Amino acid sequence: MANPYSIDQIYSWLEEVKDPEIPVLSLVDLGVITRVEVTGEEVKIEMTPTFVGCPAMDLMKQEVLDVLNNNGVKKAEVIISFKEPWNSDKISEKGRQALKQFGLAPPPSGKNLFTDLDVLEHAQCPRCNGNHTELRSPFGPTLCRSIHYCLDCREAFEQFKPL
Amino acid sequence: MNENALKELLYKIADDQLILGHRNSEWTGMGPLLEEDIAFSSMAQDKIGQSYAIYTILHSLGEQDPDTIAFTRNANQFHNSILTELPNGEYDFSLIRHFLYDTAEIIRFEMLTHSSYTPLAELAIKIRAELKYHTLHANTWIKQLGSATEESIERLQKSLDYAMPYALGIFEESPYEAEIIKSGIFAGEKALYETWKQNIEAVIDQTRLHLADWSLLKPVLGGRLGNHSDHLQPLLDEMSEVFRIDPSAEW
Ligand SMILES: [Zn+2]
């Protein structure tokens, strides 16, 4: 028997679930959905947190279940897993654009982030796109944001932290 | 693999994170600067979240659920190092403790990314990345205040001298040390201590602070075996009071 739901279909449903802290960014674009599996009537989803202590994880998990149920999935399961740990390069190009429109600098991309936190010192200002900026604090109002200051715009801004 | 050895390792790592996380959270609304207030609150949230992820692994090994583990044990059942339970005191002590402790933890999690126990190795990749921000924060302030005014240097030096014997208690060996190393779960406290020493020296050398002769220091031990200072039980009582009032309270 063919599976009643296709993987693509499920991903398009999941587009509806947004990061509660950044309502323009879907969980799919955030990169926290790491696996979708359909076996007969049953849908199994693996998610991974951006930060281990992310307080919104339970809420996001519930919203994923709700969306599946609303689309007629009777047997759905969501598992939190660290098999494919999240890092900021998992944010899609569409997600990066959404962050910028929201006024948050997207995380700098690159493979050397773990060893080179100097990138924090010159984050790109989401207003003027300039790099004439300085780090104010690696800790912001939520776990995934740092605080910066643009010396040209003379205004503070936040960046989605590279991880 | 000896499961008790693995559990003992997981408990001590998670308990360190939980207890220091709660101490950090006591800075909320009390920090010397708003930015520092936010920094210690964020690190608290990270550490408590990380402890829960490790308690979740313990739960999968047959231990109780994370909330029960975190809030219903007595002091003598906790495996955290005594350093983490000491009261916050002044900001300079909290900063020194943060520096000494997080320098050790980031090396510990780096080592654990190679663990033969896969769930721990996977989680360690994640936690190591998050701790980069904690050590970045600690190193920045130690370098800055450790070279600033006579007063700031003197205060930090006093806290450093006071905290160091407790910091050495982080590396108190487990009764299962040999098995843990042999099974490839963790390369052991001695290896961790050697790297830690070098990293501490590398930062302190960039300041006007100085380190006492390592060989003359007497470690304060006991925490790993459940022998704690008088400061732990009141902290646990306070934590579990919040839990008893509202068991579903989010941390
Ligand atoms: Zn700007």
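The values are calculated or read from the model by the stated rules, or taken from the named source; none is laboratory data. A quick note: this is a predicted structure, and the numbers were derived from the prediction, not measured. Every residue, glycine as well, gets a Cβ built from its backbone with ideal geometry; the counts of neighbours run over all protein chains shown. The accessibility values were calculated without ligands, DNA or RNA, using every heavy atom of the protein model including side chains. Shrake-Rupley method; radii C 1.70, N 1.55, O 1.52, S 1.80 Å.
With θ taken as phi - 60° and the Karplus curve 6.51 cos²θ - 1.76 cosθ + 1.60 applied, the whole-hertz 3J(HN,Hα) list for region B:123-132 is 5, 5, 4, 5, 5, 4, 4, 5, 5, 3 Hz, x standing for glycine and proline.
Taking 0.36 nm per residue of sequence separation and removing the Cα-Cα distance, the B:Thr140/B:Asn227 pair yields an extension gain of 28.0 nm. Using a 10 angstrom cutoff on alpha carbons, build the Gaussian network for chain B and name the most mobile of B:Leu168, B:Leu156, B:Leu61. Answer for the Gaussian network model of chain B: B:Leu61. In this structure the amide hydrogen of A:Val78, modeled in the peptide plane, comes within under 5 Å of the amide hydrogens of A:Ile45, none closer than 5 places in sequence on its chain. Coupling constants for region B:67-83 follow from the phi torsions by the Karplus curve (6.51 cos²θ - 1.76 cosθ + 1.60, θ = phi - 60°), and in residue order they are 5, 5, 4, 6, 10, 10, 8, 8, 3, 6, 9, 8, 10, 5, 6, 4, 3 Hz; glycine and proline get x. Counted by Cβ distance under 11 Å from B:Arg108, the other residues give a net charge of -3, where Lys and Arg count +1 and Asp and Glu count -1.
Here's how it looks for A:Arg136: its modeled amide H is under 5 Å from those of A:Ile147, A:His148, A:Tyr149, which are all 5 or more places away or on a different chain. Given the options A:Cys125, A:Cys150, A:Cys54, state which has the largest fluctuation in a GNM of chain A using a 10 Å cut-off (strictly under) for Cα springs. Fluctuation is largest for A:Cys54. When B:Ser60, A:Ser92 are compared by accessible surface with a 1.4 Å probe, the order from highest to lowest is B:Ser60, A:Ser92.
Note that region A:61-69 has calculated 3J(HN,Hα) couplings of 4, 5, 5, 5, 4, 4, 4, 5, 5 Hz, one per residue in order, obtained from phi through the Karplus relation 6.51 cos²θ - 1.76 cosθ + 1.60 (θ = phi - 60°); glycine and proline are x.
Viscosity 1.002 mPa s, temperature 20 °C: Stokes-Einstein D of chain B from its Kirkwood Cα radius, in µm² per second? Approximately 116 µm²/s, per Stokes-Einstein. Put a dot 7 Å past the Cα of B:Ser60, heading toward its Cβ, do the same for B:Glu179, and the two dots end up 2.1 nm apart.
Calculated mean residue ellipticity, 222 nm, the protein assembly as shown: -15500 deg cm²/dmol, from DSSP H runs (n ≥ 4) at -39500 (n - 2.57) each, averaged per residue and rounded to 500.
Ordered by packing density, taken as the mean number of other Cβ atoms within 10 Å over each peptide's residues, highest first, how do B:28-37, A:10-19 rank? Spell out each step's value before the answer.
Details: B:28-37: 13.2, A:10-19: 17.6.
In descending order of packing, they fall as A:10-19, B:28-37.
Between B:Thr195 and B:Thr72, the contour length at 0.36 nm per residue exceeds the alpha carbon distance by 40.8 nm.
In the context of the full set of protein chains, region B:95-251 has a per residue accessible area of 47 Å² (1.4 Å probe). Our compactness index for region A:7-80, the C-alpha radius of gyration over the empirical 2.2 N^0.38 Å, is 1.02. Taking the inverse of the mean reciprocal distance over all distinct Cα pairs, the Kirkwood hydrodynamic radius of chain A comes to 16.9 Å.
Can you give the mean number of other chain Cβ atoms that lie within 10 Å of the Cβ atoms in peptide B:49-56? Average per residue, whole number: 3. Across q = 0.12 Å⁻¹, the protein assembly as shown modelled as identical point scatterers on its alpha-carbon atoms has Debye log10 I(q)/I(0) values of -1.04, in the order of the q list.
The value of relative contact order for chain A, using C-alpha pairs under 8 Å at least six residues apart, is 18 percent.
Largest GNM mean-square fluctuation among B:Pro165, B:Pro87, B:Pro119, using chain B with Cα springs under 10 Å: B:Pro119.
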